[in-house]
Structures are given as C-alpha cells and as structure tokens.
Amino acid sequence: MAIPNSQLETWSNQGATTTPKALREQIERVLRGENSLITNKKSVSIYLQGSYRNSTNIYGNSDVDIVVETGNVFFSDTSLLTNDKKQIYESQTNSSQYKWATYKKEVLDTLINYFGKDNVEVGNKSIKVNTGSYEADVVPCIEYREYYDYGYSEDSRKYIAGMKFLTTKENREVINFPKYHYFYGAEKNRETHGMYKKTVRIFKNIKSKLVKAGKLEKGVAPSYFVENLLYNVPNERYGKEFNLTVMEILLWLGDDFSKMSEFKCQNQITSLFGEGTEQWNQEDAIKFITECIILWNGWDK
C-alpha cells in the first residue's frame with residue numbers, strides 16, 4: 001500500500017514563517033544600527049537563505065540562515081574571459097585594502113557587543129547567535145562575480161552574481177548562488193502550479209522519518225541536496241494529487257540512475273554531484289531514493 005494522500009498532505013505543509021522573518025529583522029537592526037562596527041553599512045545586503053528563504057521549510061526546522069553580504073568589495077573569477085578582456089578587467093580594477101577577515105570581524109564584534117559573548121559562537125561556516133528566544137546562523141560573505149564578458153563600459157560587463165566566504169577551520173572557499181536558487185525554485189513552483197515546493201517538503205519529511213527509523217543515516221541526504229534532486233524532475237511528473245506526484249517522481253528517479261550525472265543544482269550553475277565538498281555523491285542519493293521507494297511500497301507493513 002502506498003503512503004496515504006492524507007499523510008502526504010500533512011507533510012506538504014510549510015513550517016514556521018513569522019519567526020524567521022522577525023529574526024532576520026532583528027539581526028538587521030543590530031548590524032545596521034548606530035553601534036554597528038561594519039564599514040559602509042549601507043553596502044550590506046541582509047536576507048534569509050536556505051529552506052526559510054525558499055519556503056521549503058518543514059515543522060521542526062530550527063536554525064535560521066541569515067546572509068550578511070557586503071557589496072563594499074567583491075571576489076571575482078575571470079577564467080571565462082579572453083586574454084584581451086582580462087587585460088581590460090585588470091586595467092579597470094584595483095585590489096581593495098578591505099579584506100574578508102576584516103569584514104567578518106566587524107560583523108562578529110557587532111553581534112558580540114549586542115547579544116553578549118556567551119550567546120555568539122563562531123562555527124566553521126557561520127556565526128551562531130542565540131537571541132534568547134531563537135538561534136540564527138549568520139553567514140558573513142562578500143559579493144562574488146563570475147565574469148563572462150568585460151569591456152570598458154559598465155553595460156559591457158557581464159557576470160553571474162553569487163556570494164563567497166571562507167570557512168573558519170580549513171580557510172576553504174565556499175561559493176553559493178542563493179539568489180539564482182531562489183529565482184529558479186520560484187519559477188518551477190509556478191510552472192508546476194504550486195506543487196513543487198509542497199513536494200519538496202513531503203520528501204524532506206520522508207527523509208526525517210527514514211532517519212528516525214534508522215533506515216538512513218543523518219548525513220546521507222541533507223535537505224539542500226534533496227531539494228536540488230527534485231528540481232531535476234521534469235515538471236510533468238508534478239500532478240494535481242500528492243500520491244500520484246510522489247509515485248511519478250519515484251518512478252522517474254528510480255528508472256535509470258545513470259541520468260543523475262547530468263543533474264544541476266537549482267541555481268542552474270553548479271553540478272549537483274561531484275567530488276567537491278559542497279556537492280552530493282550519487283551513492284548517497286541512490287540510497288535515499290531506494291529507501292523512499294521501499295517506504296512507499298511497504299507503508300502498511
């Protein structure tokens with residue numbers, strides 16, 4: 001027996017919405033306030049990231065990811081430019097004295113001054129802030145530009161915009177494209193008449209159930225990768241009923257695992273699978289899909 005439609009409908013519901021918004025606004029007031037230590041506060045963009053930003057959060061989601069991105073300086077990648085255009089870029093730009101470490105410390109010190117040292121902890125990828133009521137993962141980052149064209153005029157300078165930061169432990173570069181992720185997720189949701197994000201939430205709940213039942217190790221299927229996996233499922237597999245939609249998705253994913261090598265992340269820029277630290281491996285994805293199918297087929301057993 002398949003999972004009942006009533007259960008799938010419950011799993012499709014979105015989790016908290018008011019708390020993440022209020023938390024982001026509180027952090028923003030602190031970082032933009034008169035006591036903020038950030039150089040050129042007006043250049044900073046503060047926004048939600050992850051499941052709360054993309055409306056794919058489920059009940060039980062805890063930490064709220066808040067991006068604090070400065071446009072005061074930017075990281076760039078010019079590898080796609082021709083040699084002539086690289087020369088133009090180099091002639092038109094200068095290395096800034098305002099460094100990543102300086103910016104991160106300004107954000108950190110501002111948060112410590114307001115919330116107290118005991119309530120602010122530096123993690124590998126974020127600064128965890130305990131506001132007294134909720135916890136936020138604040139991600140200081142710098143604008144990232146991947147140039148694919150460059151000329152003397154502003155109109156001729158074309159790039160893909162993202163964000164970049166360095167991890168605390170390994171000093172490793174992390175590059176994300178959250179605005180593209182949001183845009184293409186919203187587009188797919190429209191194209192599937194609102195079923196895409198509801199279905200993502202269903203599969204996140206299925207994953208939680210599998211983890212609780214000991215069928216799946218916690219780190220095998222991170223929610224971010226589950227969302228990106230479902231983004232690659234053709235729109236026609238998303239129907240009007242949850243049970244038919246889930247069945248069609250499982251049939252499509254389980255039919256031929258070899259096609260996963262071509263899957264892109266929802267930002268349509270990076271590959272979902274690969275050897276990179278920020279990529280998934282196909283073995284774990286296959287394990288997740290297989291356990292979903294087993295659960296679907298043996299729900300009443």
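Key figures
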quantity: Of all residues in segment 94-103 being at pLDDT 80 or above and open to solvent by 40 Å² or more (accessible area, probe 1.4 Å), the one that is nearest to Thr167 (Cα to Cα); calculated: Ala101
quantity: Thr110 being surrounded by fewer than 18 Cβ atoms within 10 Å (Cβ to Cβ), of a type in the set (S, T, N, Q) and out of contact with any Phe, Trp or Tyr (no Cβ under 8 Å at 6 or more places or on another chain); calculated: no
quantity: Residue within segment 20-38 that is in contact with a Gly (Cβ under 7 Å, 6 or more places away or on another chain) and of a type outside the set (Phe, Trp, Tyr) present; calculated: no
quantity: Residue tally, condition closer than 19 Å to Ile269 by Cβ and either surrounded by 13 or more Cβ atoms within 10 Å (Cβ to Cβ) or modelled with pLDDT of 95 or more (or both), over segment 113-157; calculated: 11
quantity: Yes/no for Asp77 being more than 23 Å from Tyr134 (Cβ to Cβ), of a type in the set (D, E, K, R) and modelled with pLDDT of 85 or more; calculated: yes
quantity: Enumerated strands (runs of 3 or more DSSP E) restricted to segment 129-241, each holding at least 3 residues that are over 26 Å from Ile286 (Cα atoms) and basic (Lys, Arg); calculated: none
quantity: Residue count for segment 1-30, restricted to those that are surrounded by fewer than 17 Cβ atoms within 10 Å (Cβ to Cβ), under 30 Å from Cys292 (Cβ atoms) and touching a strand residue (DSSP E or B) at 6+ places or on another chain (Cβ under 8 Å); calculated: 1
quantity: From Leu244, Leu253, residue being aliphatic (A, V, I, L, M), open to solvent by 60 Å² or more (accessible area, probe 1.4 Å) and out of contact with any Pro (no Cβ under 8 Å at 6 or more places or on another chain); calculated: Leu244
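The values are calculated or read from the model by the stated rules, or taken from the named source; none is laboratory data. Small disclaimer: the values here were computed from a predicted structure and weren't measured. Here Cβ is always computed from backbone atoms with ideal geometry, including for glycine, and neighbour counts include all displayed protein chains. Surface areas here come from the heavy atoms of the whole protein model, side chains and all, with no ligands, DNA or RNA. Shrake-Rupley method; radii C 1.70, N 1.55, O 1.52, S 1.80 Å.
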